[in-house]
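S.K.: Got a structure for you, questions after.
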Amino acid sequence: MKELHTGNLYWPGTLDHTREFEPLRQNKKTQVAIIGGGMSGTICGSVFNGSGLSAIMLERGQVAGGSTSANTGMIQFSNDIMLCDLIEQIGKQDAQAFYRACKDAVNMLEKTAESLSVDVGFRRRSSLYYASTEQDLPKLKKEYEALKACGLDVEFWSPDDIMNHFSFRKSGAIVSHGDAEVNPFQFVNCVANAAADAGLEIHEQTDIVAHDTLPSGLHRLRTADGYEIEAEHVVYAIGYEPEELRGKLIKSELNRSFALVTSVQPTLQSWHDRFLIWETARPYLYMRTTLDGRVVIGGLDEDSEKPLRSEQERAKRSNKLHERLMALFPKLQAPIEFEWSATFGESRDNLPFIGVDPAWKNVYYSLGYGGNGSVYGMIAAQLLRDLIRGDAHPLTDIVKLDRKSLSSV
């Protein structure tokens, strides 16, 4: 199994008990087989089941045990690629449609969280997107105008505005309203539990080792234990593990990122309204608070797909992140309590891969590459549900695997 993270994770310790789902122990037939039990796979399973599709979700490890455990839980409608740049890349109409879909996905994630019987830490937050340098300010103002023209709820803050709300000064910032935060580990586990109670069949410790198409057009999946599933449709929601794909994904790459969580702070008075915070630099720094008063900060992306195993080397990155945090919030009493390194995937045109396999009928992918994976997971669930049912979806051509925007990057 590919190692997706190393270090001391914070989120798994926030849930006292996780439900266990039995491995597949008999042959099955289903309308849709979903491979992967992380954020994307679980949301797909929930949406499919709620839409009347017969589905089985198959996870070779544990639900939420992969990239979800290292997810920082920031949910934003803005993306790694600025809207103004996306407009130049794919045109104004499609770029605005994509950003509005991201906003709608945040709302749908909220509705999902509200439908659960437990609190999974979903809270609406605003975001501060600040200019890392004075040279970034003109581009940031251009982005503000693009977001405003798209009908999104944004403000532009001057250096004085920032200083009046925070303990640091920057040359400018966009404040976006309507974003959110969540405990991703609790969210995925609880969505899986609710979906299972509503009829979704889930099997953990079920590794798919073969996928064939039968003469009838049905797909046959075989597990490592020798059991088989026949499915009309197969969805790969396997996160950052592209070597497992039978179709050919082009122009995607894997990096590693770093994150830490502080101890509980005596006060977060200097952190205005618990904003989500990120910056224009690439790779960018990103940070949030938790409900129990900790700070989560991540960044320092590196061009290696393997999470850093060396505790000493991880400590160097964690200390650097900590220094960046303290430079912004010098009054925090913020010792490091958790730290980790994790695989981080992105496409070269900064859009997710969602849609049908161009060469394999009724095989689909939900691959939320980029820093907005939870939002992409919800978009994918809606889009793939529509494709499976034979309905149209407005984002299909924008995020499909063989989209035109990949040919120019």
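S.K.: Anything in segment 342-360 that is assigned to a loop (DSSP other than H, G, I, E, B) and on the phi < 0 side of the Ramachandran plot? List them, or say none.
M.R.: Of everything in segment 342-360, those that are assigned to a loop (DSSP other than H, G, I, E, B) and on the phi < 0 side of the Ramachandran plot turn out to be 348, 349, 351, 352, 358, 359.
S.K.: State which residue is nearest to residue 375 (Cα to Cα) when the search covers only segment 148-173 and only residues that are free of Cβ contacts under 8 Å to residues at least 60 places away in the same chain and among the aliphatic types (A, V, I, L, M).
M.R.: 154
S.K.: Let me ask something else about it. So for segment 188-204 (the condition being buried (at least 23 other Cβ atoms within 10 Å of the Cβ) and within 30 Å of residue 154 (Cβ to Cβ)), does at least one residue qualify?
M.R.: Yes, because at least one residue in segment 188-204 is buried (at least 23 other Cβ atoms within 10 Å of the Cβ) and within 30 Å of residue 154 (Cβ to Cβ).
S.K.: Another one. Considering only segment 200-219, I want to know if a residue exists there that is in contact with a Gly (Cβ under 6 Å, 6 or more places away or on another chain), modelled with pLDDT of 95 or more and closer than 23 Å to residue 341 by Cα.
M.R.: no
S.K.: So is residue 373 at negative phi, at pLDDT below 95 and in the same structural domain as residue 36 (by TED's automatic domain parsing) or not?
M.R.: yes
S.K.: If you go through segment 373-393 one residue at a time, do you hit one that is in contact (Cβ under 8 Å) with a residue 12 or more places away in the chain, in a loop (DSSP other than H, G, I, E, B), within 23 Å of the chain's Cα centre (by Cα) and surrounded by fewer than 24 Cβ atoms within 10 Å (Cβ to Cβ)?
M.R.: No, there is no match, as no residue in segment 373-393 is in contact (Cβ under 8 Å) with a residue 12 or more places away in the chain, in a loop (DSSP other than H, G, I, E, B), within 23 Å of the chain's Cα centre (by Cα) and surrounded by fewer than 24 Cβ atoms within 10 Å (Cβ to Cβ).
S.K.: Just one of the numbered conditions (1) without any contact (Cβ under 8 Å) to a residue 24 or more places away in the chain; (2) assigned to a loop (DSSP other than H, G, I, E, B) is not true of residue 319; which one?
M.R.: Every condition holds for residue 319 apart from (2).
S.K.: Please work out which residue is surrounded by the fewest Cβ atoms within 10 Å (Cβ to Cβ), limiting yourself to segment 134-171 and to residues that are assigned to a loop (DSSP other than H, G, I, E, B) and more than 27 Å from the chain's Cα centre (by Cα).
M.R.: Checking each candidate, the answer is 169.
S.K.: Out of curiosity, is residue 93 part of a helix (DSSP H, G or I) and closer than 15 Å to residue 148 by Cα?
M.R.: yes
S.K.: To continue, here is another question. Please pick out the residue among 64, 97 that is closer than 20 Å to residue 198 by Cβ and in contact with a helix residue (DSSP H, G or I) (Cβ under 9 Å, 6 or more places away or on another chain).
M.R.: 64
S.K.: In segment 4-18, what residues are exposed (fewer than 13 other Cβ atoms within 10 Å of the Cβ) and over 16 Å from residue 339 (Cβ atoms)?
M.R.: 16, 17
The values are calculated or read from the model by the stated rules, or taken from the named source; none is laboratory data. Model, not experiment: these values are computed from the prediction. Because the Cβ atoms are built from the backbone with ideal geometry, glycine has one as well, and the counts that use them run over all protein chains shown.
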